[in-house]
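Student: Got a structure for you, questions after.
Please treat every number below as a calculation from the coordinates, not as lab data. All values reported here derive from a predicted model rather than from experimental measurement. Glycine gets a Cβ as well: all are built from the backbone with ideal geometry, and neighbour counts include every protein chain shown.
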Amino acid sequence: MSIDVSQFHSIFFEESFEGLDTMESGLLSMSEGETDADTINTIFRAAHSIKGGAGTFGFSNISEFTHGLETLLDQIRNGERDTTNEAVEVMLSAVDTLREMMSAVQDAADIDEEKVAHVSSELTRLLQSDEEAAEAQTISDETSSNETTLATEHQQAGWKIDFKPLPHLLQTGNEPSRMFNELAELGKLDVELDDAALPHFSDLDPEACYLSWQLRLETDASIEAVQEVFEWVEDDCELSISPLVDEQHQDTTQLEKPFQDTDASPSTAPIAEQAVSTQSPESTAPKVDSVKKKPSTPSTEMASIRVGTEKVDSLVNLVGELVITQSMLGQIGENFDIKMLPQLIDGLEQLERNTRELQENIMRIRMLPISFVFNRFPRLVHDMTSKLGKKVNLVLSGEQTELDKTVMEKIGDPLVHLVRNSLDHGLEIPEKRLAANKNEVGELHLTAYHQGGNIVIEISDDGAGLNEEKILQKAIEKGLVEADENLSPEKIHELIFLPGFSTADAVSDLSGRGVGMDVVRKNINSLGGNVEVISEPGVGSTFTIRLPLTLAIMDGQIIQVAEQRFIIPLISIIESVEIEPKKVKRVTGKGELYNIRDEYVPLIRLTNVFNLDGGVETLEDGLLVIVEAEDRKVGLFVDELLSQQQVVIKSLETNFRKVTGVAGATILGDGTVAMILDISGLLTMHREPAKQLNSSVIKVA
Amino acid sequence: MANILAVDDSASMRQMVEFTLKGAGHTVTSANDGQQALDIAKTKSFDLVITDVNMPNKDGLSLTRDLRQLSAFKFTPILVLTTEAGPEKKQEGRAAGATGWLIKPFNPDQLLATVKKVLG
């Protein structure tokens, strides 16, 4: 029977990547000279599992590579080696390499052999730097001994075996009769029992073995095959195996107890072969290779999430309740009478409750703790601080705060950017910190918590704070603000989010890779969230990101424009006001502006944007909804505000095509479809109407 | 067919062992670590135990030692999955009361061959 092990690959990868994360965080928590037994054991186990799994599932190169790492860890675990910073660094890079190797194998891409060889040699160098070259020695010993045994000739007629178990043999779970069965598969076996050592019944220990056997095995199997049968008991018995002289046909009949007749088992040969191949690594090697080379069905990689059993259980539970409700309603419906109305209403209420709970629980399945994102930061901080010569203490809190998997995947990069910025520009080098009367070790806090329907992530450092002077100067240089403009510190801080803004004197290779804060803000906005900064010179800065918990559902405000209903994401609404006509200004080229508390916001008529007829035209008959996106405010002119409700977002792109100004669609309670407005998109349309027109013309064409 | 208890902290190995043994008609109960396995073993008996060595909570060797203390497991074959082929590791396994071992990496066929060896 042959089993295709590739079916276990995806779970192996999933578990190995988790193992690598565990190793990485474990390694990062290790410090020079200290070895915490638990930590090192955990790291070791992860490496060990990867090695074992990789070997089993045919990734011999990964298995080989992990071997060195495992050996190193084993030595640390056994106290044979001290934890040095160097060793930790090498092991970290080995973890990286493993991760790359696995991704490559997973995607059926090429492995960066050069890097693997390099890190591998680093590991070897560490291993051999002590007098631990012994490890390599044993390996070569093993192989050479294997070679010699394989070379042994076995041209004899069979084997004569004296087998005298020690009394405790049965207690190891071994059983002589099973071993004889196994021998019988190698050839014709004759068994002679020697019960001379059997004590008197009253002295007999029922759990001990007093018997011994002489066996004659007619076979062309090698001595190794025979030894292998006794491999597990070689220390629990007296065993001697000698070649059988070629006289087998004479004596066999005289033997008292023929244990088993060979002819009874026709399948002898293949099984014997199997047994031999178990022992010689050479013969299994090609097998492993063939598995490896088989095109590993590229990108069968299905994004999967691991869900806690209790979440699944609660779903099953809810579905059960739903079924009960359904059957209850079914019964009511069968011969409905108006007297049963209260029951019907009860039933419908129950249905509503079930549905809501089911929805909430299903959403919870997609929720993962933010630690998935946070966990990469200890490594990042570790690497960056050593490069920058800074000392930073990273404090993570609220790692268990959950958010939607999709949001999680997209928030990673902006967070990395912000953390890099804090490390690079925010936190000072130790000398500067000491000079400023601060602890030379800077603090970087990453905090997550839930607030309302949002998740809030804060990145705060106790560094120098934003350099307002420099920001302002730069902004003036770039023509983003007028030289004589008098800006409050908050306004100045906001400038860093403007496109084309970067204060770094020199673009360092750590942050400032041409990706500015504007991109960070844009990415966060596209998730329906926002980011803001609070900073105080000399005290530090805090970036606060607010995100919706999920992208699939959001709180929306339903509005009426002409005959259409639209939905505005609640998160972007600041306020809704009745319009006082005298506060409306018309500016050539900029359309209408509305003065709200001395701030002019552009007024956008949705009827114009979407080309609708029959809406409210007179400003005082409608309402103005002030919304914010990309830190710019705009007023949307609508006929009427309807209800607020949670809406399930359906993608327009998947079902139709991308439409500027529309983020998606949803189905309302009465079954009609309503478009969800994309505020950023509307802003762009408003800012560049001509361009928008052009592109839509092209689209239509 | 046999009733087998398979213990491994690695989900992929557990799946592979379970799938292979079930495919050969055995009944398989899985455990994530030694402690869980021991708890299961206290409630029912098995014809064979296959256990990994390196596991959290309770490793395979100490599981083997504890199982041998249970009367239902006194003679039960216990196979240890190990990556270490060195003689001292084998000795450790034997001292703990293991019947035999299966050296990782192994493929499903080797697993079945070894299982056959102890189930007779």
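Student: For every helix of n ≥ 4 consecutive DSSP H residues, a contribution of -39,500 (n - 2.57) applies; sum these over chain B, divide by its total residues, and give [θ] at 222 nm rounded to the nearest 500 deg cm²/dmol.
Tutor: -14000 deg cm²/dmol
Student: Using label points projected 7 Å from each Cα along Cα→Cβ, tell me how many nm separate A:Glu469 and A:Asp205, to one decimal.
Tutor: A separation of 8.9 nm, rounded to one decimal place.
Student: Still on this structure, I have one more. Roughly speaking, what % of Cα-Cα pairs in the range A:309-365 are separated by over 15 Å, rounded to a whole number?
Tutor: When all Cα pairs of the range A:309-365 are counted, 51 percent exceed 15 Å.
Student: Among the lysines, which have Cα under 18 Å from the Cα of A:Lys590 when same-chain residues fewer than 8 positions away are ignored?
Tutor: A:Lys582, A:Lys633, A:Lys691
Student: So, by mean Cβ neighbours within 10 angstrom, what's the order for A:219-225, A:50-56, A:335-341 with the highest one leading?
Tutor: Values: A:219-225: 19.4, A:50-56: 26.6, A:335-341: 9.3.
The most tightly packed comes first, giving A:50-56, A:219-225, A:335-341.
Student: Could you give the nm distance between label points at A:Met363 and A:Leu612, where each point is 7 Å from its Cα heading toward the beta carbon?
Tutor: Computed distance between label sites A:Met363 and A:Leu612 equals 2.6 nm.
Student: Taking a cut-off of 16 Å between Cα atoms, list the aspartates and glutamates near A:Lys391, but don't count ones fewer than 8 places away on the same chain.
Tutor: Partners found: A:Glu32, A:Asp383, A:Asp424, A:Glu428, A:Glu431, A:Glu440, A:Glu443, A:Asp461, A:Asp462.
Student: Further, regarding this structure: How shielded is A:39-49 by partner chains, expressed as the average number of their Cβ atoms within 10 Å of its Cβ atoms?
Tutor: 3
Student: Ignore the peptide's own chain and count Cβ atoms of other chains within 10 Å of each Cβ in B:110-117; give me the average, rounded.
Tutor: Average neighbour count from other chains, rounded to a whole number: 5.
Student: Here's a follow-up. Please compute the modelled spin-label separation between A:Glu231 and B:Lys42, points set 7 Å along Cα→Cβ, answer in nm with one decimal.
Tutor: The modelled label-to-label distance comes out at 3.5 nm.
Student: Normalised by the number of residues in the range B:3-107, what is the relative contact order in percent for Cα pairs under 8 Å and 6+ residues apart?
Tutor: 24 percent
Student: Convert each backbone phi in the range A:397-406 into a coupling constant with the Karplus relation 6.51 cos²θ - 1.76 cosθ + 1.60 (shift: θ = phi - 60°), then list the ³J(HN,Hα) values in order as whole Hz, x for Gly and Pro.
Tutor: 9, x, 4, 7, 4, 9, 8, 4, 4, 5
Student: A further question on this structure: Sort out for me the Cα centre separation of the range A:530-597 from the range A:621-690, rounded to whole Å.
Tutor: Computed from Cα coordinates, the inter-centre distance equals 12 Å.
Student: Something else now. Determine ³J(HN,Hα), in whole Hz, for all residues of the range A:644-654 in sequence, where each value follows from phi through the Karplus function 6.51 cos²θ - 1.76 cosθ + 1.60 and θ = phi - 60°; x replaces Gly and Pro.
Tutor: Those phi angles translate into 9, 7, 6, 10, 8, 8, 10, 6, 6, 4, 5 Hz.
Student: For the range B:3-107, what number of Lys pairs, 8 or more residues apart or on separate chains, have alpha-carbon atoms under 21 Å from each other?
Tutor: 13
Student: By a straight-distance test (C-alpha under 18 Å), which lysines pair with A:Lys164 as possible cross-link partners, with residues fewer than eight away in the same chain excluded?
Tutor: The reachable lysines, counting only those whose Cα sits under 18 Å from A:Lys164, are A:Lys257.
Student: OK, next. Return the whole-Å distance between the Cα centroid of the range A:454-488 and the Cα centroid of the range A:374-420.
Tutor: 23 Å
Student: Collect residues whose amide H, placed 1.01 Å from N in the peptide plane, falls under 5 Å from the amide H of A:Asp194; neighbours closer than 5 in sequence don't count.
Tutor: Excluding prolines and chain starts, which carry no amide H, the hits are A:Ser212, A:Trp213, A:Gln214.
Student: Further question: Highest first, please rank the peptides A:607-617, A:666-676, B:15-25, A:197-207 by the mean number of other Cβ atoms sitting within 10 Å of their residues.
Tutor: Averaged packing, sorted descending, gives the order B:15-25, A:607-617, A:666-676, A:197-207.
Student: Can you grab the distance from the C-alpha centre of the range A:59-110 to the C-alpha centre of the range A:321-337, Å, no decimals?
Tutor: 60 Å
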